Amino acid sequence: MAPRIVDASFLTSASKIGEAPAEGIGEVVFLGRSNVGKSSLLNSLTHRKNLAKSSSTPGKTRLINYFDVVYKEDETGEKYHLHFVDLPGFGYAKVSKSMKYEWQKSLNEFIRNRRTIRLFVHLRDARHPHEPIDDEVKAYIGKFIGPDQCYLEVFTKSDKLKQKEIGQILRERPGAILISNLKKRGIEKLERLVFDIVVKGIPCP
Ligand code: GTP
Ligand code: MG
């Protein structure tokens with residue numbers, strides 16, 4: 001049996017890096033455009049309905065939310081703690097310019113300077129796989145990512161795609177990870193991959 005998440009709980013919210021928990025435990029951050037399904041994916045992965053608040057109204061997540069997540073390895077029974085971090089979405093327009101700027105600044109500071117981040121999970125809407133803002137974010141992370149950190153692209157809402165469209169994404173990007181929170185597709189595979197990367201230290205795919 002694959003390692004599974006057996007427990008998850010809310011830890012704390014931070015509005016800037018100084019308020020985040022002491023560095024130490026490996027962190028997995030979920031980032032992406034507003035409404036792409038970050039909070040929903042956190043719930044899917046942890047097998048919980050409402051651990052992270054999801055909403056059809058973009059801009060739901062406004063703070064850096066920390067969750068303590070416990071993986072259990074079946075063969076050994078050994079448990080491993082990780083922190084999952086749910087970030088506010090970018091590209092959310094309905095806030096004032098100055099607030100947007102403040103957000104962006106503290107988010108940038110957070111993702112650049114937090115050395116305990118082991119894995120960046122960048123969520124992209126499978127229906128819009130070529131959004132320029134997502135390409136920019138990918139390039140941006142590529143510039144500062146350290147040798148002990150990994151970047152993973154995950155395409156969400158695969159349930160909204162026809163088989164043909166899924167095929168097209170896979171042709172363009174062989175090995176692309178597609179998930180559906182609605183149909184719970186691709187979730188177990190990702191659950192395991194996160195463990196293998198962060199706990200087992202397998203090379204970044
Ligand atoms: P912000 O917190 O605003 O940045 O959004 P978020 O990225 O956390 O998105 P959230 O998880 O709140 O989901 C946004 C909307 O998309 C909700 O209405 C979800 O039900 C829906 N949604 C999330 N994942 C999926 C999916 O895989 N398939 C479908 N069809 N809908 C999804
Ligand atoms: Mg959210």
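For the reader, a short list of remarks on this structure follows.
- Working ranking of peptides 4-13, 34-43, 167-176 by packing, defined as the average number of other Cβ atoms within 10 Å per residue, highest first, is 34-43, 4-13, 167-176.
- FRET efficiency for ASP7 and ASN50, using Cβ-Cβ distance with R0 set to 25 Å, rounded to 0.05: 0.95
- Pairs of Cα atoms farther than 23 Å apart, region 7-96, %: 25 percent
- Label sites at TYR140 and ARG185, each approximated as a point 7 angstrom past Cα along Cα to Cβ, lie 3.0 nm apart.
- Under 16 Å from the Cα of LYS53 - lysines, other chains or at least 8 residues apart: LYS38
- Positive dipole terminus of region 1-42, leading residue within SER39, SER15, VAL29 (C-beta point charges): SER39
- Assuming charge only on the beta carbon of Lys and Arg (+1) and of Asp and Glu (-1), the dipole of the chain about its Cα centre is about 820 debye to the nearest 20.
- Per residue value of the accessible surface for the chain (all protein chains in place, 1.4 Å probe), Å²: 52 Å²
- Solvent-accessible area, 1.4 Å probe, carbon plus sulfur percent, for the chain: 52 percent
- Kirkwood-based shape ratio for the chain, expressed as Rg/Rh from alpha carbons: 0.94
- Segments 189-199, 125-135 sorted - mean Cβ within 10 Å per residue, highest first: 189-199, 125-135
- Within region 102-189, antiparallel bridges make up roughly 10 percent of the DSSP beta bridges whose residues both belong there.
The values are calculated or read from the model by the stated rules, or taken from the named source; none is laboratory data. Remember, it's a predicted structure, so these values are computed and weren't measured experimentally. FYI the Cβ positions are ideal-geometry reconstructions off the backbone, even for glycines, and counts take in every protein chain you see. The accessibility values were calculated without ligands, DNA or RNA, using every heavy atom of the protein model including side chains. Shrake-Rupley method; radii C 1.70, N 1.55, O 1.52, S 1.80 Å.
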